[in-house]
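**Student:** This is the structure I have questions about; it appears just below.
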Amino acid sequence: MDFSVYLAEFVGTLILVLLGDGVVAGVLLRYSKAEDAGWIVITFGWGLAVALAVYSVGWVSGAHINPAVTVGLASIGSFDWAMVPGYILAQMLGAFTGAVLVWLAYYDHWGATEDAGLKLGAFCTAPGIRNTVPNFITEVIGTAMLVFGVVAIGANATAIGSSGGVDLAAVFSTGIAPLLVGFLVLAIGLSLGGPTGYAINPARDLGPRIAHAVLPIAGKGGSDWGYSWIPVVAPIVGGVIGAVAYNILGF
């Protein structure tokens, strides 16, 4: 078995969270040079984080860097179900490690920040208005758009195989496709990110949430486990919907 693809998913998701959670920490934490820079900075930071992660490892593993993408592609026959558990484990471990690196990079700023909610927000998502069904639906819609867009970008890159599947490793080996995925995530953040913080990725949320729970951060408060299932389950549902929807349309 070629373990390079799993290593690539680990590294890609690490880069994603290091740069993504890193920009959030920079905006939220006290005495950061980027403090209070705002939502536009956060959404652009996440978009660039995705693009750079995909450029880094896309040619090796397809740069799913997201269990919702992995499951969504498997649901339409574009990815081997046997590889799904290994991909998801690598993504979770990469997200956790990326969050630990953000904690180290902003080491002195955690203690300087009094608001426990801001500290948690630098790791994982939380809704602006806590309401289970709307929060769940928002994450489903955002992730469906993400996976629909990823498959569409793959199709436009003319990497459609004879089976109808999308070869993301071929798509993301050259060209501007990774940058387009970054713009896709930027668009989702700007348009749909307001209600829940647009996790749209179970690994991106759960891995850092676990890191928040175990790291020694003074005054960090709880890790909001009551909400934590929504950014895990809803993106999986949305990922399948987005992939199947594109497949049904048959463009």
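**Student:** Is the range 191-211 home to any residue that is buried (at least 17 other Cβ atoms within 10 Å of the Cβ), in contact with a Lys or Arg (Cβ under 7 Å, 6 or more places away or on another chain) and part of a helix (DSSP H, G or I)? Reasoning before the result, please.
**Tutor:** Step one: of the range 191-211, the residues buried (at least 17 other Cβ atoms within 10 Å of the Cβ) are 192-193, 195-211.
Subset that is in contact with a Lys or Arg (Cβ under 7 Å, 6 or more places away or on another chain): none.
Scanning the range 191-211 turns up no residue that is buried (at least 17 other Cβ atoms within 10 Å of the Cβ), in contact with a Lys or Arg (Cβ under 7 Å, 6 or more places away or on another chain) and part of a helix (DSSP H, G or I).
**Student:** Among the residues of the range 212-251, how many are among the small types (Gly, Ala, Ser) and crowded, with 21+ Cβ neighbours inside 10 Å? I'd like the intermediate steps shown before the answer.
**Tutor:** Keep residues of the range 212-251 that are among the small types (Gly, Ala, Ser), which gives 213, 218-219, 221-223, 226, 228, 234, 238-239, 242-243, 245, 250.
In the following step, the residues that additionally are crowded, with 21+ Cβ neighbours inside 10 Å were identified as 234, 238-239, 242-243.
Residues in the range 212-251 being among the small types (Gly, Ala, Ser) and crowded, with 21+ Cβ neighbours inside 10 Å: 5 in total.
**Student:** Something else about it: For residues in the range 48-65 being in a helix (DSSP H, G or I) and small (Gly, Ala, Ser), which is surrounded by the fewest Cβ atoms within 10 Å (Cβ to Cβ)? Let's see the steps before the verdict.
**Tutor:** Pass one, the range 48-65, residues in a helix (DSSP H, G or I): 48-61.
Then drop every residue that is not small (Gly, Ala, Ser), which leaves 49, 51, 53, 56, 58, 61.
Numbers: 49: 24, 51: 25, 53: 28, 56: 19, 58: 25, 61: 25.
Once the filter is applied, the top-ranked residue is 56.
**Student:** I would also like to ask the following. Can you tell me which residue in the range 212-251 is modelled with the lowest pLDDT, limited to those that are of a type outside the set (A, V, I, L, M, F, W, C) and assigned to a loop (DSSP other than H, G, I, E, B)?
**Tutor:** In the first step, residues of the range 212-251 are kept if they are of a type outside the set (A, V, I, L, M, F, W, C); the result is 212, 216, 219-224, 226-228, 231, 235, 238-239, 242, 246-247, 250.
When the remaining residues are screened for being assigned to a loop (DSSP other than H, G, I, E, B), the result is 216, 219-224, 250.
On the way: 216: 97, 219: 96, 220: 97, 221: 96, 222: 98, 223: 98, 224: 98, 250: 76.
It comes out as 250.
**Student:** Within the range 109-136, work out how many residues are assigned to a helix (DSSP H, G or I) and either without any contact (Cβ under 8 Å) to a residue 60 or more places away in the chain or small (Gly, Ala, Ser) (or both). Write out each step before concluding.
**Tutor:** If we filter the range 109-136 for residues that are assigned to a helix (DSSP H, G or I), which is where we start, we get 109-112, 116-121, 132-136.
From what's left, either without any contact (Cβ under 8 Å) to a residue 60 or more places away in the chain or small (Gly, Ala, Ser) (or both): 111-112, 116-117, 121, 133.
Residues flagged as assigned to a helix (DSSP H, G or I) and either without any contact (Cβ under 8 Å) to a residue 60 or more places away in the chain or small (Gly, Ala, Ser) (or both) within the range 109-136 amount to 6.
**Student:** All but one of (1) at pLDDT 95 or above; (2) under 23 Å from residue 140 (Cα atoms) hold for residue 78, so report the exception by its number.
**Tutor:** (1)
**Student:** Return yes when residue 95 is in contact (Cβ under 8 Å) with a residue 40 or more places away in the chain and crowded, with 17+ Cβ neighbours inside 10 Å and no when it is not.
**Tutor:** Numbers: in contact (Cβ under 8 Å) with a residue 40 or more places away in the chain: yes; crowded, with 17+ Cβ neighbours inside 10 Å: yes.
When the stated conditions are applied, residue 95 passes them.
**Student:** Next question, about the same structure. List every residue pair whose Cβ atoms lie under 6 Å apart, where the two residues are 6 or more positions apart in sequence or sit on different chains, the first residue falls within the range 174-190 and is without any contact (Cβ under 8 Å) to a residue 12 or more places away in the chain, and the second residue, located anywhere, is surrounded by fewer than 21 Cβ atoms within 10 Å (Cβ to Cβ).
**Tutor:** Close Cβ pairs satisfying both conditions: none exist.
**Student:** Based on what the data block shows, is residue 183 more than 24 Å from residue 109 (Cβ to Cβ), in contact with a helix residue (DSSP H, G or I) (Cβ under 8 Å, 6 or more places away or on another chain) and modelled with pLDDT under 95?
**Tutor:** Judged against the criteria, residue 183 is not a match.
**Student:** Another question, if that's okay. Pull up the range 29-47, narrow it to residues that are touching a Gly at 6+ places or on another chain (Cβ under 6 Å) and in a helix (DSSP H, G or I), then point me to the one that is surrounded by the fewest Cβ atoms within 10 Å (Cβ to Cβ). Don't jump to the end; show me each part of the working.
**Tutor:** Taking the range 29-47 first, the residues touching a Gly at 6+ places or on another chain (Cβ under 6 Å) are 32, 34, 43, 46-47.
Next, only the ones that are in a helix (DSSP H, G or I) stay: 43, 46-47.
Values: 43: 20, 46: 26, 47: 23.
The residue in question is 43.
**Student:** Ok, one more. Conditions first: (1) assigned to a loop (DSSP other than H, G, I, E, B); (2) farther than 22 Å from residue 237 by Cα; (3) within 16 Å of the chain's Cα centre (by Cα). Residue 99 passes all but one, so which condition is the exception?
**Tutor:** Here residue 99 clears every test but (1).
**Student:** Cβ-Cβ under 9 Å, sequence separation 6+ or interchain: first residue in the range 26-50 and of a type in the set (D, E, K, R), partner outside any helix (DSSP H, G or I). Which pairs?
**Tutor:** Pairs found: 30/113; 30/114; 30/115; 35/29.
**Student:** Further question on the same structure: Please go through the range 137-173 and give me each residue that is at pLDDT below 80, over 16 Å from residue 243 (Cα atoms) and in a helix (DSSP H, G or I), ordered by number.
**Tutor:** The answer is 169, 170, 171.
**Student:** Kindly indicate which of 73, 18 is of a type outside the set (S, T, N, Q), touching a Gly at 6+ places or on another chain (Cβ under 6 Å), under 19 Å from residue 181 (Cβ atoms) and crowded, with 19+ Cβ neighbours inside 10 Å. Steps first, please.
**Tutor:** Numbers: 73 fails: touching a Gly at 6+ places or on another chain (Cβ under 6 Å).
Just one listed residue meets the conditions, 18.
**Student:** Could I ask something else about it? Could you tell me which residue of the range 13-44 is farthest from residue 103 (Cα to Cα), considering only residues that are touching a His at 6+ places or on another chain (Cβ under 8 Å) and of a type outside the set (Ser, Thr, Tyr)? Explain how you work it out, then say what you get.
**Tutor:** Here is the first cut: in the range 13-44, the residues touching a His at 6+ places or on another chain (Cβ under 8 Å) are 25, 29-32.
From the residues that got through so far, the ones that are of a type outside the set (Ser, Thr, Tyr) too are 25, 29-30.
Values: 25: 9, 29: 11, 30: 14 Å.
Only one residue tops the list, namely 30.
The values are calculated or read from the model by the stated rules, or taken from the named source; none is laboratory data. Owing to the predicted nature of the structure, the values given are computational and were not obtained by experimental measurement. In this analysis, Cβ positions are derived from the backbone assuming ideal geometry, glycine residues included, and neighbour counts consider all displayed protein chains.
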